[in-house]
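Everything below concerns the one structure shown next.
We did not get these values from a lab; they are worked out from the coordinates using the rules stated. Keep in mind the model is a prediction, meaning the values are calculated, not measured. Please note: Cβ atoms are built from the backbone with ideal geometry, for glycine as well, and neighbour counts cover all protein chains shown.
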Amino acid sequence: MNYEFVVLPMGAVDSPAQVRAYVRTQDGQPVNEQLHRFVVTGLHLWNSRVPAAYRHAELHIEAAGDSVRITAADRADRRRHRGSAVDSAADAVRRLLEGLIGDLEYQLYDAATDTLWRPR
């Protein structure tokens, strides 16, 4: 299991149940320039700072159209990798995403809690 988050425009969906369908409609479209500049670039920066010994803690980024899907390692990966770097991956990634989209008109979906919200 992984932690999964999706960044999408405000008002693109009415409920968390619609997020997956929305992401599918974005497949194959070029990434929105604003999302690429602020969100995707920030996520790649995160990955570039992960030490080589913790490459399992890198984020998997799927960006298309007006959405970015992010998956992060969970605690189960700790058994394979014997480190605590992934213990709080969900909280750290959520804070990172909230910071990246804080001033933009985007909202965040958290698949683990099935919630959709607008960061402060």
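The Asp103 and Ser48 beta-carbon pair, evaluated with R₀ = 25 Å, returns a calculated FRET efficiency of approximately 0.65. Normalised by the number of residues in the stretch 3-117, the average gap of Cα pairs under 8 Å and 6 or more apart makes the relative contact order 40 percent.
Taking other C-beta atoms within 10 angstrom as a stand-in for reagent exposure, Val13, Val39 fall in the order Val13, Val39, fewest first. Ordered by the number of other Cβ atoms lying within 10 Å of each residue's own Cβ, fewest first, Tyr22, Tyr109, Tyr54 fall into the sequence Tyr54, Tyr22, Tyr109.
Between Leu8, Trp46, Ile70, the Cα set farthest toward the positive side of the dipole of the chain (charges on each charged residue's Cβ, about the Cα centre) is that of Trp46.
Nearest 10 degrees, 0 to 90: what angle lies between the long axis of helix 89-101 and the longest principal axis of the chain (Cα atoms)? Rounded to the nearest ten degrees, it is 40.
Here each label is just a point 7 Å from Cα along the line to Cβ, and for Ile61 and Thr25 those points are 2.5 nm apart.
Which of these values of Kirkwood radius over Cα pairs in Å was calculated from the structure shown: [x] 14.6; [y] 15.6; [z] 14.1? It is the value labelled [x].
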